[in-house]
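Presented below is the structure to which this report refers.
The values are calculated or read from the model by the stated rules, or taken from the named source; none is laboratory data. None of the values given here were measured: they were computed from a predicted structure. Cβ placement follows ideal geometry from the backbone for every residue including glycine, while neighbour counts extend to all protein chains displayed. For accessibility, only protein heavy atoms count, side chains too; no ligands or nucleic acids. Shrake-Rupley method; radii C 1.70, N 1.55, O 1.52, S 1.80 Å.
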Amino acid sequence: MTLATNPPPAPTAPFGTLFATTMTSVSWRGGEWTDPVVGPVENLSLHPATHALHYASACFEGLKAHRGVDGIVRLFRLDRHVARMRISADLLLLPAPPPDLLSGMIISTVAANRDEVPASPGSLYLRPTLLGTERNIGAAGSPSTEALLYVLASPVGDYFAGGDHALRIAVETRRPRTTPQFGRVKSGANYVMALGITQEAKREVGADQVLFAPGGDVQETGASNFLLLDEGRIVTKALDESFLHGVTRDSVLRLAADLGYAVEERDITVDEVVEWTSHGEAALAGTAAVLSGVGEVVVDGTTRRFGDGGVGANTRRLREALTAIHLGVSPDPYGWTTPV
Ligand SMILES: *Cc1c(COP(=O)(O)O)cnc(C)c1O
């Protein structure tokens, strides 16, 4: 725990386009993991027949290390992200990295790049990535026998630097985000499946994002979880196989309960979202933006507005409560942070 005397300011470059100098990698072969190597970020050398490039055997994680007001750098909910990556790996028949190996790699990556962790509201975004690397284009029907795991780090700035405006969300009730058995996998394959639908909503109704609600069952947007809230309540879909179990979602629900909100984890219909526009707020939860306000939903071509269309007061309140833990301003009663 050494304190940098002069942390870099929050970068202004777009999220995910800057990289810290050092990454950590290991490979898996013959059922064994090699020792992690901490080294410079450089291009990977992959054979053109690499399994992941053909058969999408790849998953990732996304978590942040924050530089606190006391100068200490803290990872947020490391154990949860490690556990989730192991679930993703299992579902894709990739080798699940042992928890100590993966958490050690994430901590080593933060430590090696500690001087590059920006001051708040910036942070260091960590991107553990696992891919099947067997060189075999005939292995369409079998798991990769080799894998590569690395942890890349990206200094990121203030997500709301362009102004904290609320989002316009299009509701998609016909087409699913992904297939039911892949809902819980954090995988690029899920993103590319949703991409065309999202681009179409941008083009046709000027939406920022799409809320997937197949058959009227509200799930998530494809990169963040969906919440309804007001002064007394917070409502979100109960955990099932259909959507990604966000660490931000879990953290916000816990803090909301502590602040006296009634937490309801249950099914939400599109009709209820429409009804909620008349008296409540909506928000999206995810590591990149923490909590984003939803100002408008577009349902069957009709726009409905939440309140005045801005970010709601309860959304702001919960975002601040979570950010205060990230930055070591509030105590961390649940042991969510890992100082590095
Ligand atoms: C990563 C992700 C989220 C948000 O999860 P957090 O742990 O809160 O960052 C939500 N949905 C999908 C599909 C995701 O990939």
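The table below gives the values:
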{"read-out": "Region 217-237, subset open to solvent by 20 Å² or more (accessible area, probe 1.4 Å) and over 23 Å from F76 (Cα atoms), residue nearest to the ligand (Cβ to nearest atom)", "value": "Q219"}
{"read-out": "Single residue of region 135-150 satisfying the filter (over 14 Å from C59 (Cα atoms) and part of a strand (DSSP E or B)) that is least open to solvent (accessible area, probe 1.4 Å)", "value": "E146"}
{"read-out": "Residue that is most open to solvent (accessible area, probe 1.4 Å), among those in region 45-87 that are away from the ligand (no atom under 16 Å from the Cβ) and in a strand (DSSP E or B)", "value": "R74"}
{"read-out": "Test: P121 is closer than 30 Å to G293 by Cβ, open to solvent by 50 Å² or more (accessible area, probe 1.4 Å) and touching an Asp or Glu at 6+ places or on another chain (Cβ under 6 Å)", "value": "yes"}
{"read-out": "Qualifying residue in region 11-18 (condition: open to solvent by 80 Å² or more (accessible area, probe 1.4 Å) and in contact with a helix residue (DSSP H, G or I) (Cβ under 9 Å, 6 or more places away or on another chain))", "value": "no"}
{"read-out": "Residues of region 288-303 classified as more than 10 Å from the ligand (Cβ to nearest atom) and small (G, A, S), total", "value": "4"}
{"read-out": "Pick from region 238-271, criterion assigned to a loop (DSSP other than H, G, I, E, B) and touching a residue at least 60 places away in the same chain (Cβ under 8 Å), ranking: nearest to the ligand (Cβ to nearest atom)", "value": "L244"}
{"read-out": "Within region 88-101, considering residues that are open to solvent by less than 30 Å² (accessible area, probe 1.4 Å) and within 15 Å of the ligand (Cβ to nearest atom), the one nearest to the chain's Cα centre (by Cα)", "value": "S88"}
{"read-out": "Any hit, region 272-287, residues being within 15 Å of the ligand (Cβ to nearest atom), open to solvent by 10 Å² or more (accessible area, probe 1.4 Å), in contact with a strand residue (DSSP E or B) (Cβ under 9 Å, 6 or more places away or on another chain) and in a strand (DSSP E or B)", "value": "yes"}
{"read-out": "Enumeration of residues in region 182-216 that are assigned to a loop (DSSP other than H, G, I, E, B) and within 12 Å of the ligand (Cβ to nearest atom)", "value": "G183, R184, V185, K186, S187"}
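Here is a yes/no grid of residues against (1) more than 18 Å from the chain's Cα centre (by Cα); (2) at pLDDT 95 or above; (3) over 25 Å from F226 (Cα atoms); (4) open to solvent by less than 30 Å² (accessible area, probe 1.4 Å):
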{"residue": "R114", "(1), (2), (3), (4)": "yes, yes, yes, no"}
{"residue": "T133", "(1), (2), (3), (4)": "yes, yes, yes, yes"}
{"residue": "L152", "(1), (2), (3), (4)": "no, yes, yes, no"}
{"residue": "P155", "(1), (2), (3), (4)": "no, yes, yes, yes"}
{"residue": "R174", "(1), (2), (3), (4)": "yes, yes, no, no"}
{"residue": "A194", "(1), (2), (3), (4)": "no, yes, no, yes"}
